[in-house]
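What follows is calculated from the coordinates using simple rules that are stated; it is not laboratory data. Keep in mind that what you see is a predicted model, and the values were worked out from it rather than measured. Backbone-built Cβ (ideal geometry, glycine too); neighbour counts: all protein chains shown.
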Amino acid sequence: MWVAARRLTRDMRIAVIGSGRIGGTLGGKWRAAGYDVVFGARIAGGSGPGGAPVQTVDEAVDGADVVLLAVPGKAVAEVVASIGPELAGKVVIDAANRIGESEVNSKAAVKAVAPGAHYVRAFNTLGWENFADPLPSAALFFAADPSARAVAEELIMAIGLEPAFVGEADAAGIVDGALPLWFALVQQHGGNRRLALRLVR
């Protein structure tokens, strides 16, 4: 039986729920890196970014080891409520931002319906441009349950970014703090969204 703390192998499946700029870019990059990627959508059929198959959300999640939530932030609670039992034992990466809400992440919604899921907060503090074409040594801040940290680090590195662990799942709010900082920096640099932070040791 697969243990979440293990590193992935290329034949383990990643279900990307949402094929917009964030989900589409990440799914396409992971597929190009050799991972088994499927997209989950309301209507199945055809191919998504990078040529990955498009299945219903239920079908995509059912066969997955990792689930990326990349739908609009306000839709996450509804999506996870419909697939809650299927998320047990899976790594669930929350990349959506509930802009305007008191809590930007959806950790509470995920844990409420799937307490056995391995939660990760990542891919929510940079624009999609930084996933498509990462800047050298750019860092991606993330929080994760201990059982999901290694998987999160591997998938972040597969995109071409440096994983910057800030704490366990309860540190999701700390990760979220980098979002307004990034927006402010983009604004101060003429709207240039290919802007990222780097750790200096």
**Prompt:** Taking the Cβ-Cβ separation of residue 43 and residue 99 as r and a Förster radius of 41 Å, what is the calculated FRET efficiency to the nearest 0.05?
**Reply:** 0.95
**Asked** Spin-label point model (7 Å from Cα, Cβ direction): what's the residue 166 to residue 199 distance in nm?
**Response** 1.3 nm
**Request:** Would you compute, from DSSP H runs of 4+ residues alone, the mean residue ellipticity of the chain at 222 nm, taking -39500 (n - 2.57) per run and dividing by the full residue count, rounded to the nearest 500?
**Result:** -8500 deg cm²/dmol
**Item:** Relative contact order %, the chain, counting alpha carbon pairs below 8 Å whose residues are six or more apart
**Value:** 18 percent
**Asked** Using r as the Cβ-Cβ distance of residue 112 and residue 174, and R0 as 22 Å, what FRET efficiency do you calculate, to the nearest 0.05?
**Response** 0.55
**Message:** Only bridges whose two residues both fall in the chain count here: according to DSSP, what percent of them are antiparallel, nearest 5?
**Reply:** 10 percent
**Item:** Furthest towards positive pole of dipole, 136, 167, 64, structure part the chain, Cβ charges
**Value:** 136
**Prompt:** What list of ³J(HN,Hα) values in whole Hz, one per residue of segment 187-199 in order, does the Karplus curve 6.51 cos²θ - 1.76 cosθ + 1.60 (θ = phi - 60°) give from phi, with Gly and Pro shown as x?
**Reply:** 4, 6, 10, x, x, 6, 7, 8, 10, 9, 9, 10, 7
**Message:** Quick check: pseudo-label points 7 Å beyond the Cα along Cα→Cβ at residue 58 and residue 81, how many nm apart are they?
**Reply:** 1.7 nm
**Request:** Under 21 Å Cα to Cα from residue 107, which lysines show up? Leave out anything in the same chain fewer than 8 places away.
**Result:** 74, 90
**Message:** Suppose every Lys and Arg Cβ carries +1 and every Asp and Glu Cβ carries -1, with no other charges. What dipole size does the chain come out with about its Cα centre, to the nearest 20 debye?
**Reply:** 440 debye
